Amino acid sequence: LAEGLGPDRAAPRSRLYSLNCLDWSLLTPATKEVLALAEQVKGRFQGDPSFEYNLSEINAEAAARLIESGKEPVIKEEARLIATIEQIDKAVGIVPRGAFVKTPLGSVHENRHFEGLSLVEAKKLSSYFHFAEPVNLKNKTLLEKADLDPSTDFLDSLEHDIPRGSWSIQLERGGTVVVLRSLLWLGLTFYHVPMTKQFGYVYFGTGEKNLDLPFML
Amino acid sequence: HGPYQPHEPGYGLDQPGYSPYEDEIPDAQARMLAIKNAKAYLLKTSTKSGLNLYDHFANILTKILDEQPTNTVDIIENISKDVKWAQFRKKMDTLRDEHLIPPTFEAAEKYKALFVKEGEEEEHEDLEDEMPSLPNVMETAFYFEQAGVGLNKDESYYIFLALKNLINVQPIQTCRFWGKILGLEMNYIIAEVQLQEGEEGEETGEEGEETIAEGEKEMSEAEEEDEQKEKEAEPPKSTYKPPPEIPKEANGTGTNKYVYFVCNEPGKPWVKLPPVTPAQIVCARKIKKFFTGRLDAPIVSFPPFPGNEANYLRAQIARISAGTHVSPTGFYQFANEDEEEEEADTYEENSEFEPPPVAEMVESLTTWAHHVKGILKQGRCVWINPSQKSEENEEEEDEEEEEEEGGEQQEERGLPLLTLISEDEGMKDIPAWTAQASTNLIPEYSVAILQSNRWPGAYAFASGRKFENIYFGWGHKYSPESHTPELPPPAQAEYPSGPEI
């Protein structure tokens, strides 16, 4: 799976998929109904983008609605794929603090002055942000808001993720690389080399949310 | 705008001849004076911080010209802030900071220990005895790399050296890199090992002695309590007898066939995991917990797990090995062909094995077979009737009850040892195994890769006579439905109470 980003990082991204790294196809962004439906589909992905999941087993109401409007009560694996990718990006796509700045016009750009987190900061969950629309920012107390720098602190930090402890932070290679693994989406790995500009995240996994997380902690 | 004061910007601008739009000041002397005034203004020290603008600008420009960043004008404010910040760091304190040893240095020291070779005299001694087989971890890593599975080369090499250390320290017959299990704080690197005969017996002897000593202490305490209680009225004793404990399998057979050593990182000391008991396996099937990385961490769960994280880890390793260790069919054969297949426990390599081509190994799952016995519901590989053992200890009155209970437990029969994996059941419509060739482009050198869907993270490869199993993952089984924890048992009936009684 490949993701295309424009100069404004807050703009919608384009996503492409391929089965053999040679032929790529564009995925159309999913609508909200499709997103909601795809969340209910359980089980592994088949590997065939045109595979159709029978909706009547999963959600009888949605199937009935689709039949009424004249379409077949199925959801294609492509739609499930794009819905899963968007969910993963929204839920656990993270960036280090200070890596992106928000301009007064609202667009989000890379911060060319970002030199990396220090080793002490890199071990704290609060130095990483979800790269998605912030949900908790408005709920912070006025005192906390006064400490924030609106150009860099415009996203939710990982500290208040529910359930607590849904991220595992480890230092590897003698402390030269900090690796965060999400326990909600098993397979999402984020890396950052402290004091350098290198960071990024990848997802290698089955594309299923780990709903057993509260039992496993 | 009244007359500008000297400290305000704009001073002198309302004078004729001094406006900013007139670049040239005609009078040379007046120009020199203006320059001096400007410089004096810039050199004025701030009352708050002791800096002056002239030096600050000089520093900024020096820094910019030294570093030459792109799009300087966009980040000029940040550069200015950085220069001011740097002022504080340069000051030499009377207290010198302790030289902080970076953690990278400490880690490097640990890894260095792995690389140190022992003295040559010891090497000669070892060659005389049987050399325990050191697995070629790098070769295995190469084959798994074809599948996109594995650790990076450095880590594989460190594990290789750590295994060599393990072999030198412990009396080991065969050794294998089993895999890596991820944890919350630290990860586990696991080695599967067969100890030389005679080494394992000592440990169980020690454990037995300890329990006997504890038992004697309890007996003497209980006797004292009994003497006291005889004087008082005794409350009714409970007639509840817990179900007989299923004994664990002897070291070297069944679930305890191999001994496992773990370490958090190569370079850290290897810790031996205790043998697994059937109760632990039965409980491990009911719970799903992340590993923290500390072997002594308690497992808080329902049903309560009998043991700490080391036991849970050992139980999961046993389950994964039983479920996913496979080899090409025919590679292993039963030692005695006369025995019934179900009872055979040992197998040996088949010297006449001819490996099928890779394409065949990928297409049909009949070319792969399990070489580890599956675990029954009881938690053992070989079923045992628990009531048989306890009959010797019980009195005659209880025999009737025991027989009733024994009758309920039916003998469990598991699949025989070398079953083909094509007989593994899938979950709903998900097959138990997925087979792929590593590449379609170069079929001569491609490797057959097998992924388990029941235990995500378990892989096996086969290429000619070489094959290997490995596990990289979190250590949990896959289930299409969510995990539902066991419900607490229903409340027990109380004794009826009321005016009649």
Practice problem: Go through the range B:445-489 and give me each residue that's open to solvent by 20 Å² or more (accessible area, probe 1.4 Å), at pLDDT 85 or above, over 22 Å from B:S422 (Cα atoms) and more than 10 Å from chain A (Cβ to nearest Cβ). | Solution: B:F472
Quiz prompt | Selection count, the range A:195-207, where residues are more than 9 Å from chain B (Cβ to nearest Cβ), more than 13 Å from A:V95 (Cα to Cα) and assigned to a loop (DSSP other than H, G, I, E, B) | solution = 3
Quiz prompt | Residues being surrounded by 19 or more Cβ atoms within 10 Å (Cβ to Cβ) and over 14 Å from B:G183 (Cβ atoms) - total across the range B:306-317 | solution = 4
Practice problem: Please work out which one of (1) more than 10 Å from chain B (Cβ to nearest Cβ); (2) over 26 Å from A:H109 (Cβ atoms); (3) at pLDDT 80 or above; (4) out of contact with any strand residue (DSSP E or B) (no Cβ under 9 Å at 6 or more places or on another chain) is the condition A:A132 fails and give its number. | Solution: (2)
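Residues checked against (1) over 14 Å from the mean Cα position of the chain (by Cα); (2) closer than 22 Å to B:D82 by Cβ:
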residue	(1), (2)
A:L81	no, no
A:I85	no, no
A:D89	no, no
A:L105	yes, no
A:E110	yes, yes
A:F114	yes, yes
A:A122	yes, yes
A:S126	yes, no
Quiz prompt | Inter-residue pairs, beta-carbon under 9 Å, first farther than 21 Å from B:A297 by Cα and in the range B:312-326, second in a helix (DSSP H, G or I) and open to solvent by 10 Å² or more (accessible area, probe 1.4 Å), 6+ apart | solution = B:S321/B:T255; B:A322/B:T255
Quiz item: If we keep just the residues of the range B:421-444 that are open to solvent by less than 50 Å² (accessible area, probe 1.4 Å) and among the aliphatic types (A, V, I, L, M), which is nearest to the other protein chains (Cβ to nearest Cβ)?
Solution: B:I430
Quiz item: Of (1) within 14 Å of another protein chain (Cβ to nearest Cβ); (2) surrounded by 13 or more Cβ atoms within 10 Å (Cβ to Cβ); (3) among the aliphatic types (A, V, I, L, M), B:V73 satisfies all except one. Which?
Solution: (2)
Exercise. Kindly indicate whether any position in the range B:242-260 is out of contact with any Asp or Glu (no Cβ under 7 Å at 6 or more places or on another chain) and within 14 Å of another protein chain (Cβ to nearest Cβ).
Key: no
Self-check item: Criterion violated by B:P303 - all others in (1) farther than 18 Å from B:L376 by Cα; (2) open to solvent by less than 40 Å² (accessible area, probe 1.4 Å); (3) at pLDDT below 80 satisfied
Solution: (3)
Exercise. Please work out which residue is modelled with the lowest pLDDT, limiting yourself to the range A:208-217 and to residues that are in a loop (DSSP other than H, G, I, E, B) and open to solvent by 50 Å² or more (accessible area, probe 1.4 Å).
Key: A:L217
Quiz item: So, in the range A:150-177, of the ones that are within 19 Å of B:R294 (Cα to Cα) and of a type in the set (A, V, I, L, M, F, W, C), which residue ends up surrounded by the most Cβ atoms within 10 Å (Cβ to Cβ)?
Solution: A:W167
Practice problem: Looking only at the range A:115-129, count how many residues are open to solvent by 80 Å² or more (accessible area, probe 1.4 Å), within 14 Å of chain B (Cβ to nearest Cβ) and either of a type outside the set (V, I, T) or in contact with a Phe, Trp or Tyr (Cβ under 9 Å, 6 or more places away or on another chain) (or both). | Solution: 2
Exercise. May I ask you to list the residues in the range B:475-501 that are more than 16 Å from B:R285 (Cβ to Cβ) and under 17 Å from the mean Cα position of the chain (by Cα)?
Key: none
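Residue by residue, here is whether (1) open to solvent by less than 40 Å² (accessible area, probe 1.4 Å); (2) at pLDDT 70 or above; (3) assigned to a strand (DSSP E or B) holds:
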{"residue": "A:A63", "(1), (2), (3)": "yes, no, no"}
{"residue": "A:G70", "(1), (2), (3)": "no, no, no"}
{"residue": "A:A79", "(1), (2), (3)": "yes, yes, no"}
{"residue": "A:I82", "(1), (2), (3)": "yes, yes, no"}
{"residue": "A:G98", "(1), (2), (3)": "yes, yes, no"}
{"residue": "A:V101", "(1), (2), (3)": "yes, yes, yes"}
Practice problem: Specify which of the listed residues (B:T104, B:T94) is at pLDDT below 80, surrounded by 13 or more Cβ atoms within 10 Å (Cβ to Cβ), under 54 Å from the mean Cα position of the chain (by Cα) and not aromatic (F, W, Y). | Solution: B:T104
Quiz item: What pairs can you find where one residue is in the range B:263-275 and over 18 Å from B:I317 (Cα atoms), the other is of a type in the set (A, V, I, L, M) and in a strand (DSSP E or B), and their Cβ atoms are less than 7 Å apart, with a gap of 6+ or different chains?
Solution: B:P266/B:I189
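The values are calculated or read from the model by the stated rules, or taken from the named source; none is laboratory data. The structure displayed is predicted, hence computed values, not measured ones. When we count neighbours, we look across all protein chains shown, and the Cβ atoms used for this are built from the backbone with ideal geometry, even at glycine. The protein model used for the area step is the full one, side chains on, heavy atoms only, and it has no ligands, DNA or RNA in it. Shrake-Rupley method; radii C 1.70, N 1.55, O 1.52, S 1.80 Å.
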